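The values are calculated or read from the model by the stated rules, or taken from the named source; none is laboratory data. This is a predicted model, so every value here is computed, not measured. Cβ: placed from backbone, ideal geometry, glycine included. Neighbour counts: every protein chain shown. The protein model used for the area step is the full one, side chains on, heavy atoms only, and it has no ligands, DNA or RNA in it. Shrake-Rupley method; radii C 1.70, N 1.55, O 1.52, S 1.80 Å.
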Amino acid sequence: MSTTILEMDNVTIRFGGLTAVDSVNLNIQEGTIRALIGPNGAGKSTIFNLITGIYPPTSGEIRFLGQKINGLKPHLITEMGIARTFQNIRLFGDMTVLENVMIGQHCRTKANFIGAILRSPGVKAEEKSIVEASLNALEVMELGHKKDELAKNLPYGEQRRLEIARALATNPKLILLDEPAAGMNPQEKQTLMSMINKIKSMDLTIFLVEHDMKFVMSLSDRIAVLDYGKKIASGTPAEIKKNPAVIAAYLGKEVV
Amino acid sequence: MLSQQILNGITLGATYALIALGYTMVYGIIQLINFAHGEIYMIGAFVGVLMVTVFQQDLIVSLFAAMMTCMILGVTIEKVAYRPLRRSTRLAPLISAIGVSIFIQTLMTKIQGPQPVGFPPVIADAIYKVGPIEITKVQIIILIVASTLMLALNFIVKYVKIGKAMRAASEDYDTAALMGINVNRVISFTFAIGSSLAAAGGVLVGIYFNAVSPFMGVSAGLKAFCAAVLGGIGSIPGAMLGGLFLGVAETLGIAAGFDLYKDAIAFTLLIIVLLFRPTGLLGRPIQRKV
Amino acid sequence: MDIIFSSFLNDYYIQVLTMLGIYIIAALGLNLITGVTGQLSFGHAAFISIGAYTAAIFSLRLNMPFGVALIAGGLMAAFWGILLGYPTLRLTGDYLGIATLGFGEIVRVVFLNMSITGGALGMAGIPRTTTLTIVVILVALVVWAMYRIENSRFGRSLIAIREDEIAAEAMGVNITTSKITAFAIGSFLAGLSGGLYAHLLQYLNPSDFGFSKSFEFLTFIVLGGLGSIPGVILGTTILALAPEFLRFIADYRMMVYGLLMVIMMIVRPRGLLGGVKLSRLFAKNKIEKTDSTAAGGSN
Amino acid sequence: MLLEVKDLHVSYGAIRALKGVSCGVKEGEIVALIGANGAGKTTTLRTISGLIRPISGDITYKGKSLIKMPPHQIVSQGISQVPEGRRVFTRMTVLENLEMGAYIRNDKANVKADIKKVFARFPRLEERKAQLAGTLSGGEQQMLAMGRALMSQPTVLLMDEPSMGLAPMLVQEIFSIIKEINQAGTTILLVEQNAHMALSIASRAYVLETGEVVLAGQASDLAKDPEVQKAYLGE
Amino acid sequence: GGGGEEKKENGEDKTPAATETIKIGFLGAKTGGHAAYGVETLKGMKMAAEDINNAGGLLGKKIEIIEEDHGSKLSEGATVTQKLITRDKVVAIVGDPTTGITKLAAPIAQQNKVVLMSAGAVGTGVVEIGDYIFRDTLLDAVAAPAVTKYLKEQLGWKNVAVITSMNNDYSVGLSKLFKDALTANGVEIVAEQSIQDGDQNFAAQITAIKGKNPDGIVFTGYYTEGGLIMKEARKQGMEALMIGGDGLLSDVFMKMGGESVEGSMLYAGFAADEARAGEKTKKFIEAYKAGNNGVLPDMFSAQGYDAVMLIADAITAANSDVPESFRAELAKTSDWEGVSGTITFQENREPIKSPVYILEVKDGKFELKDTADVK
Ligand SMILES: Nc1ncnc2c1ncn2[C@@H]1O[C@H](COP(=O)(O)OP(=O)(O)OP(=O)(O)O)[C@@H](O)[C@H]1O
Ligand SMILES: Nc1ncnc2c1ncn2[C@@H]1O[C@H](COP(=O)(O)OP(=O)(O)OP(=O)(O)O)[C@@H](O)[C@H]1O
Ligand SMILES: [Mg+2]
Ligand SMILES: [Mg+2]
């Protein structure tokens, strides 16, 4: 029995009169790939925003490795070991690919501006370790050869992969991927899938939102389904595929 | 005395509001703090003086002429100094605007000398007593002209199609164009309206304070801009509210004995308001959706 | 070293160059706040004035040595930078700009009404201890420090904040601390520059530190190229010297200066050296050629 | 050809995005434009709409050149676009976004009726009609972008990846809507990553690679082409 | 490194005698907020130079005015001073019309041993800077007490309102002098208000003063604001008169105030009063009017004129245009007749100008109301 890495306990958020996430309970086991699917506007991205501290929940509790994290600032949550990518790509456009990833190492290092100016041997060593860790993350996502390009000049698919590399550089235990395959062609999706499997094998837990069912079904260990903010189903890919409520609300006649 | 001071404040505030509207409209559409706006207001005031003294015209004609001149001026400035920078960084047109402002101000100093010029009396002095308040004819006219212009503007922006086009263009030029909006025309229109309101403000202020000077745009522009932000920059009712609020607060501040800190009053208020409402009194809160 | 300078420069040039160096220090401070971290500041002159008055009081009223006075000026400016920064740095974009503009005006009015600074009469009799040598050394030091910051963990976090605040925070950057630190360093440099200014001019007056001076510095860095150290130096040099070089056109001087700003901006919308990084120049890499219309990221 | 692109060359600074693209749409057709990331599909559509000026080449609509026309005039000729990345007006409400779509129209009553139709197609939008578009979910924004384009009653509709980010059921829905509006008389030029679906509803298709058309033909033929299958259908 | 304090020898020839003309520098603003004063000062200076040159020049050389604009900026004020001295090699500088920039320029002139004659600075701490520093203005420290006495004894004012322009060092200084004098003479200050140069709206201040009903308003700022303040006062139905310093002395005062400034008083060391002017002054007024569309000169142009003339006379007396020599002659100036009055430099180089003229606005013109002698 593996440990529970993330628990959502009756989490609700309202925007004005709209309940975007409605009393959701969710547990994710360490070392697995968990997918979250559901119709557009179901509240998937909002759940990511809740977990990473962008929104505080209206009620409920979110625990990471047994520790309550709701109410904490995003950077503290990242420091505890949760990293994410964004549905709308949010890279640091005018920084190079390598620099983007180096930001991921920020919370694992500590040199301040005085260190920056004086550059003691300790700081130099730390800087070297940042570069090394970042290059490693880039290698995982097969972007090493692009390290000196400006992020904004990368093609779309590579930008998505860079987002993942950047998240990996924070040395997370749990990584949240919001539609990582959107806008990619079948070939690129294939590569991405193998990369995600590689990440899983690095002892990371993955929480995934994606609309490409082929992608989701072949990657995930378990899937949760959201509709109008409520969790309507949860189970293995095989169970979800057959669940009539899910078919009605989400899958439609396309049976994958 | 208090009600008298409030009236003084409202009159002052109404002129701030007229200038603030131009700031807010231009900001609303191209996110530019149009630093040349204060100079347009100054030019408007001078055109008013010119019309009254040299061409011997009455208030209405002078006001109209000033508004027209500044309309053309504003549109030209946009075309020459801002349009080429429309797709560059946010600060580029700001610097260009500062350049335009320095240019116009020194040009005016050169043409007409650094001395202020008196505004000839176009409205006979008359004082009316309403209860404890004394209101002058000039004040009445300022309040009437300013509120008429503001109502008209509000109507245009709210109910006429171009108002909506302005909002769309302010978000995304390309997509606005894909809706069939002539973005250049909409922006020119915005400058035209904003500049003519500033000109009206210039003439009214000239009459109210009896003087115009090449440097009058600097502090008035700053205050008006402050008013626009106070009200929530981009919001038209906000600019009006901000102008009035600032005018009254400043006047009452002086009356309450904080005259030494008069200029600081406006800004202290502004900072306090921003701390509690980070997008101004009537500004829409920024939505954080990722 | 002053002897060396004065062997080939007359006093006028020394005066102009010393002033230029003082401006560069302040401009580099603003560049860290606005160019690198992306936080609009329209109140830089206020921090310069705080530094100038503090340093002047230290040397004139407290008889402290020049070095102590300079550092005191810098620290006092940094202190106010932090005090202002805490509440206001959560404001975004132009709203932050306006808050700093307001702060600048408030500071000016306060100096105008303070007795220790001589109020509107100004403060005279400050010893002239600023020399070109001192300024040159300080400029070199500041450039060196800025260059090191640019290529550090701290510097990267600032650029990340500029590029995308939400993403930076999600990647573990404590944006409040980083912004405040940048603000404090920027203000410190403004204060330092103010102290030098006071001990060059020997006379201070609050009206000298109005908002137009703040915008002057903003112009220096935008025209030079936001975020680029060589750009900031070049922009400051051109614009600070322009009024002197343009003296030959006498009465049309400021008019031409205004036009120059418009034209330079239109010709080089990203600034003269926009996108040029000192580290890349040193690394002898080719200059990045990116289209000015390209947006950051691709959201 | 109703809309024809001839030997179009476009570049972004030093980057050459289109190197002589020629394609066209006949009246009443659905034509698909497929290709890998960065092939130049979006660039082609944006150039047709007048948002980008080509270096050379011509675009004609009903025999008339569009090259020198500003974008807003091209729209009033009857050519609308669902832009890539949704591009809704984030600070306007859902309803206002739809009204913006009808900006060039002057028939108020019919506009109202058309808004009703859009709501009928996308009930989600009706539920959210007073919400600021910027706070909609990704998929909701995509629906809005689609509805907005329909509001201008275009003769030719250019669509740039309309299915991106949509839930599976909605993807099917979107394609059937595209077919429907085509049958109602609108000519369609469709750019899609989902080549599978695109080829299934299109009559003809072009395959773009690094700024050039490398394949063209009947959609059903291309769907069977092994090269296409391997690269774009993931089979 | 205190190198900045040493006088530098650049290997360049600094003796002015080598030049063909005698150069006098103008330090002032032609643009920016102080432009009005600078431009007038410069006009006066140029007229003086023309008069001297038409009369055959000085020591056989012509006088040349080197004009530089500092745009009302302190930092440029310093560079301009430095430039005039180092590059243009002027023997004397006239300016700045404001006390602030004069205080900034004076140490530079002193260090470089160039005569600096301010044609407008009236604040304290100017001539103390060094023995090359002069000014030809009527000092407020002298005039204010004399005038206070006058308003108490002749006008019978018992309580007054004092208005100060807070960003104007001249006004702040003068207000202090007035307040001291008023208190010393037992006149009550019932209201104190402040404004700023460049303000145009004084409604709040006047409303506040009106409530206190003073016998008169003492305003220590400049003419533009003065005129507008009175306009506002009359608009609000106040009847009190204004009295102020020479900062009010300009046609602009009437242009701004119109009817409202009728009866307002001011003191001055110069009055463009053609009727009573001496021969020299009359000629100056005529010449000025001829060149300026009939507008009357103000104190800045008159003092600018006198400054150049004072320097010229000192050069003639010393028979040398080397500042070291004619500086001493300048310091000896006694009962010198200028267009702006009679000037004597005291031991400490502070000028005594006599008499203090009290002018009054009558029918839109300044008219001499009275004089007060100064010892
Ligand atoms: N800041 C906000 N203000 C108001 N409503 C919001 C806000 N954020 C999200 N919503 C609403 O909450 C709902 C959930 O949005 P969310 O982005 O989580 O959907 P999603 O499941 O990620 O959808 P998609 O698959 O389309 O991305 C949507 O209906 C959206 O309109
Ligand atoms: N604004 C821009 N500046 C510079 N280069 C650009 C710009 N927009 C597109 N490009 C480049 O032009 C080429 C064509 O891009 P385009 O967006 O047309 O491709 P696409 O086929 O639509 O790709 P996708 O499937 O990713 O949407 C690409 O190499 C891209 O990097
Ligand atoms: Mg989502
Ligand atoms: Mg595309």
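Go through the residues of segment D:190-201 one by one and say whether even a single one is farther than 25 Å from A:D227 by Cβ, among the polar types (S, T, N, Q) and more than 14 Å from ligand 1 (Cβ to nearest atom).
Yes: one or more hits.
Of the residues A:H106, A:H75, which is out of contact with any Ser or Thr (no Cβ under 8 Å at 6 or more places or on another chain) and either within 7 Å of chain C (Cβ to nearest Cβ) or within 16 Å of ligand 2 (Cβ to nearest atom) (or both)?
None of the other options fit; the residue is A:H75.
So, in segment D:81-95, of the ones that are facing chain B (nearest Cβ under 7 Å) and among the charged types (D, E, K, R), which residue ends up nearest to ligand 4 (Cβ to nearest atom)?
The selected residue is D:R87.
For A:N49, all conditions in the list (1) surrounded by fewer than 20 Cβ atoms within 10 Å (Cβ to Cβ); (2) within 16 Å of ligand 1 (Cβ to nearest atom) hold save one; what is the number of the exception?
Failed condition: (1).
Residues in segment E:246-260: is at least one among the hydrophobic types (A, V, I, L, M, F, W, C), at the interface with another protein chain (Cβ under 9 Å from one of its Cβ atoms), in contact with a Leu (Cβ under 9 Å, 6 or more places away or on another chain) and in contact (Cβ under 8 Å) with a residue 24 or more places away in the chain?
Checked against the condition, which is being among the hydrophobic types (A, V, I, L, M, F, W, C), at the interface with another protein chain (Cβ under 9 Å from one of its Cβ atoms), in contact with a Leu (Cβ under 9 Å, 6 or more places away or on another chain) and in contact (Cβ under 8 Å) with a residue 24 or more places away in the chain, segment E:246-260 yields at least one hit.
Search segment A:30-81 for residues being polar (S, T, N, Q) and within 16 Å of ligand 3 (Cβ to nearest atom), and hand back the single one that is nearest to D:F122 (Cα to Cα).
Taking the candidates together, the pick is A:N40.
Just to check your reading of the model, which residue among B:A17, B:A36, B:A65, B:A45 is touching a helix residue (DSSP H, G or I) at 6+ places or on another chain (Cβ under 6 Å) and surrounded by fewer than 24 Cβ atoms within 10 Å (Cβ to Cβ)?
B:A65
Based on what the data block shows, is D:V111 within 16 Å of ligand 3 (Cβ to nearest atom) and open to solvent by 10 Å² or more (accessible area, probe 1.4 Å)?
So D:V111 does not fit the description; no.
Would you say E:G198 is under 21 Å from the mean Cα position of the chain (by Cα) and modelled with pLDDT of 90 or more?
no
Can you spot a residue in segment B:116-136 that is closer than 27 Å to E:L249 by Cα, within 14 Å of chain C (Cβ to nearest Cβ) and not in a helix (DSSP H, G or I)?
No, segment B:116-136 contains no residue that is closer than 27 Å to E:L249 by Cα, within 14 Å of chain C (Cβ to nearest Cβ) and not in a helix (DSSP H, G or I).
Consider segment C:43-70. How many of its residues are under 16 Å from the mean Cα position of the chain (by Cα) and either of a type in the set (A, V, I, L, M, F, W, C) or assigned to a loop (DSSP other than H, G, I, E, B) (or both)?
8
Do we have E:G125 as surrounded by fewer than 24 Cβ atoms within 10 Å (Cβ to Cβ) and over 25 Å from C:F248 (Cβ atoms) here?
When the stated conditions are applied, E:G125 passes them.
Scan segment E:162-181 for residues that are touching a strand residue (DSSP E or B) at 6+ places or on another chain (Cβ under 6 Å) and not β-branched (V, I, T) and jot them down.
E:S165, E:M166, E:S171, E:S175, E:F178
Among the candidates D:R124, D:R91, which residue alone is within 16 Å of ligand 3 (Cβ to nearest atom) and either closer than 23 Å to A:A249 by Cα or open to solvent by 30 Å² or more (accessible area, probe 1.4 Å) (or both)?
Answer to the check: D:R124.
Let me spell it out: the conditions are (1) more than 7 Å from every other protein chain (Cβ to nearest Cβ); (2) under 18 Å from the mean Cα position of the chain (by Cα), and C:A145 meets all of them except one. Which number is the exception?
(1)
All but one of (1) more than 14 Å from chain B (Cβ to nearest Cβ); (2) away from ligand 2 (no atom under 13 Å from the Cβ); (3) open to solvent by 20 Å² or more (accessible area, probe 1.4 Å); (4) of a type outside the set (D, E) hold for D:K19; state the number of the condition that does not hold.
D:K19 satisfies all of (1) more than 14 Å from chain B (Cβ to nearest Cβ); (2) away from ligand 2 (no atom under 13 Å from the Cβ); (3) open to solvent by 20 Å² or more (accessible area, probe 1.4 Å); (4) of a type outside the set (D, E) except (2).
Name the residue that is farthest from ligand 4 (Cβ to nearest atom), counting only residues in segment D:30-56 that are assigned to a strand (DSSP E or B) and within 26 Å of D:A231 (Cβ to Cβ).
Checking each candidate, the answer is D:I30.
Which numbered condition in (1) within 15 Å of ligand 2 (Cβ to nearest atom); (2) open to solvent by 50 Å² or more (accessible area, probe 1.4 Å); (3) under 22 Å from D:L190 (Cβ atoms); (4) within 14 Å of chain B (Cβ to nearest Cβ) is the only one that D:G38 fails?
Just one mismatch for D:G38, condition (4).
Against the condition within 12 Å of another protein chain (Cβ to nearest Cβ) and more than 16 Å from ligand 3 (Cβ to nearest atom), how does D:E180 come out, does it pass?
no
Quick one: which helices (runs of 4 or more DSSP H) sit completely within segment B:180-258 and have at least 3 residues that are open to solvent by 10 Å² or more (accessible area, probe 1.4 Å) and more than 11 Å from chain E (Cβ to nearest Cβ)?
B:183-209, B:236-253
Exactly one condition in (1) within 16 Å of ligand 3 (Cβ to nearest atom); (2) open to solvent by less than 20 Å² (accessible area, probe 1.4 Å) is not met by D:M164; state its number.
Exception for D:M164: condition (2).
Here is a yes/no grid of residues against (1) open to solvent by 40 Å² or more (accessible area, probe 1.4 Å); (2) without any contact (Cβ under 8 Å) to a residue 40 or more places away in the chain; (3) not hydrophobic (A, V, I, L, M, F, W, C):
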{"position": "E:G263", "(1), (2), (3)": "no, no, yes"}
{"position": "E:K282", "(1), (2), (3)": "yes, yes, yes"}
{"position": "E:A318", "(1), (2), (3)": "no, yes, no"}
{"position": "E:R327", "(1), (2), (3)": "yes, no, yes"}
{"position": "E:W336", "(1), (2), (3)": "no, yes, no"}
{"position": "E:R349", "(1), (2), (3)": "no, no, yes"}
{"position": "E:L359", "(1), (2), (3)": "no, no, no"}
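From the list D:L98, D:L189, which one is out of contact with any Gly (no Cβ under 8 Å at 6 or more places or on another chain), away from chain A (no Cβ under 14 Å), open to solvent by less than 20 Å² (accessible area, probe 1.4 Å) and among the aliphatic types (A, V, I, L, M)?
Exactly one of D:L98, D:L189 is out of contact with any Gly (no Cβ under 8 Å at 6 or more places or on another chain), away from chain A (no Cβ under 14 Å), open to solvent by less than 20 Å² (accessible area, probe 1.4 Å) and among the aliphatic types (A, V, I, L, M), namely D:L189.
Output the residue which, of all residues in segment D:123-149 that are under 18 Å from the mean Cα position of the chain (by Cα) and free of Cβ contacts under 8 Å to residues at least 60 places away in the same chain, is nearest to ligand 4 (Cβ to nearest atom).
Looking at residues that are under 18 Å from the mean Cα position of the chain (by Cα) and free of Cβ contacts under 8 Å to residues at least 60 places away in the same chain, I get D:Q142.
Which numbered condition in (1) surrounded by 15 or more Cβ atoms within 10 Å (Cβ to Cβ); (2) away from ligand 3 (no atom under 16 Å from the Cβ); (3) touching a residue at least 40 places away in the same chain (Cβ under 8 Å); (4) over 21 Å from A:I240 (Cα atoms) is the only one that A:R14 fails?
Among (1) surrounded by 15 or more Cβ atoms within 10 Å (Cβ to Cβ); (2) away from ligand 3 (no atom under 16 Å from the Cβ); (3) touching a residue at least 40 places away in the same chain (Cβ under 8 Å); (4) over 21 Å from A:I240 (Cα atoms), A:R14 violates only (1).
Scanning segment E:112-137 for residues that are touching a Pro at 6+ places or on another chain (Cβ under 8 Å) and hydrophobic (A, V, I, L, M, F, W, C), which turns out nearest to the other protein chains (Cβ to nearest Cβ)?
For segment E:112-137, the residue satisfying everything is E:I129.
Kindly state which helices (runs of 4 or more DSSP H) lie completely within segment C:124-214 and contain at least 1 residues that are over 29 Å from B:F267 (Cα atoms) and in contact (Cβ under 8 Å) with a residue 12 or more places away in the chain.
Of the helices (runs of 4 or more DSSP H) lying wholly inside segment C:124-214, those with at least 1 residues that are over 29 Å from B:F267 (Cα atoms) and in contact (Cβ under 8 Å) with a residue 12 or more places away in the chain span C:132-150, C:153-163, C:175-201.
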